[in-house]
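First comes the structure, then the notes that go with it.
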Amino acid sequence: MSTVSIILTSYNKPKFVGKAIEGILNQTYPDFELWLMDDNSNEETQQVIASYLNDQRIRYFRSNITEISERAKSIRYAVLINKALESCQGKYISYATDDNVYYPERLERMIHMLETNPEINIVYSSSKVVFLDKEDKLKNTMHRIAKSVTTVASCQVDHCSVMHRADILPVIYQRWGSYWDEDPQFYFIGDARFFWRLCHYWSFYPLSEILDDNYMTTESLHTQLKSQEENPLLQLLPEQRTCKELRDHLRSLWSGK
Ligand code: TYD
Ligand code: MG
């Protein structure tokens with residue numbers, strides 16, 4: 001059994017997924033299992049992934065989804081994460097995506113914080129968001145700073161900057177019947193929706209250091225949402241629920257206590 005299970009979701013990011021995997025394989029903290037959850041990516045992406053699969057720390061899963069209409073029925077990364085959570089063994093859970101690169105000490109720092117503070121269940125770090133243009137040249141960067149203990153983590157924290165104890169998950173499952181909510185009304189804020197669940201019970205504790213680079217490419221869903229180009233998946237999604245709704249609800253929950 002590994003100390004930490006890292007769940008990395010992947011779909012069609014051939015230029016980035018290798019960097020994301022290497023960021024994890026190069027961690028200073030050695031005792032992890034990497035759940036590499038691919039949503040049936042194109043051949044180019046599969047080839048990159050295949051080149052890492054002889055590493056014993058990797059558990060690989062590839063979905064068999066093909067139709068866009070199927071992709072729009074549930075938040076795909078939530079489906080993959082839930083699938084990994086059913087089987088992963090770590091005492092701690094950490095999340096990653098195919099366009100996010102962990103800094104070498106990310107696991108070490110977060111695990112140290114959880115090991116030395118038994119009352120803390122969830123930690124989050126600062127992160128560098130890197131915006132790239134069509135040619136993947138740097139457009140600009142932004143720092144997401146982790147500075148306060150928060151019970152309103154939705155849309156303030158990205159799941160690639162989070163680690164939590166695995167033993168809190170049954171509480172979530174018992175109340176909502178799943179770990180991550182797969183409802184496509186939250187497609188763009190799936191992690192915010194999961195944090196909304198967590199924040200009913202626990203605070204997020206900050207580590208002020210920047211521990212990952214989060215790339216926003218022209219292929220990212222959020223970039224596509226803002227662009228004028230037509231994306232067939234986006235057109236099939238239901239009306240989207242909002243950050244404001246989740247954050248207002250959490251504020252009201254905690255102000256009443
Ligand atoms: P991404 O395109 O990176 O969106 P964002 O703008 O939110 O960063 O997608 C987020 C994650 O979802 C990424 O790890 C890939 C995964 N994903 C799937 O697993 N299946 C899919 O069909 C799509 C569109 C994304
Ligand atoms: Mg992304």
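Key figures
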read-out: Matching residues, region 201-245, being of a type in the set (S, T, Y) and within 16 Å of ligand 2 (Cβ to nearest atom); value: Y215, T217, T218, S220, T223, S227
read-out: Count - residues of region 159-170 that are touching a strand residue (DSSP E or B) at 6+ places or on another chain (Cβ under 6 Å) and not in a strand (DSSP E or B); value: 4
read-out: Tabulated pairs, region 77-106, first aromatic (F, W, Y), second assigned to a loop (DSSP other than H, G, I, E, B), C-beta under 7 angstrom, 6+ apart or interchain; value: Y92/T3; Y102/Q27
read-out: Neighbours by Cβ (under 7 Å, 6+ apart or cross-chain): first from region 231-257, assigned to a helix (DSSP H, G or I); second exposed (fewer than 14 other Cβ atoms within 10 Å of the Cβ); value: P232/I68; L233/I68; L234/L225; L236/I68; L236/S69
read-out: Selection count where residues are charged (D, E, K, R), within 16 Å of L8 (Cα to Cα) and out of contact with any Phe, Trp or Tyr (no Cβ under 8 Å at 6 or more places or on another chain), scope region 34-83; value: 2
read-out: Residue satisfying condition, being over 23 Å from E33 (Cα atoms) and among the aliphatic types (A, V, I, L, M), within set V101, V171; value: V171
read-out: Within region 74-141, strands (runs of 3 or more DSSP E) holding 3 or more residues that are touching a Pro at 6+ places or on another chain (Cβ under 9 Å) and closer than 22 Å to W180 by Cα; value: 122-132
read-out: Among the candidates D212, D181, residue that is within 16 Å of ligand 1 (Cβ to nearest atom), part of a strand (DSSP E or B) and under 19 Å from the mean Cα position of the chain (by Cα); value: D212
read-out: Condition check for I81: touching a Ser or Thr at 6+ places or on another chain (Cβ under 7 Å) and crowded, with 22+ Cβ neighbours inside 10 Å; value: yes
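We did not get these values from a lab; they are worked out from the coordinates using the rules stated. Worth saying up front: this structure is predicted, and the values here are computed from it rather than measured. Methodologically, a virtual Cβ is constructed for each residue, glycine included, from the backbone with ideal geometry; neighbour enumeration extends over all protein chains shown.
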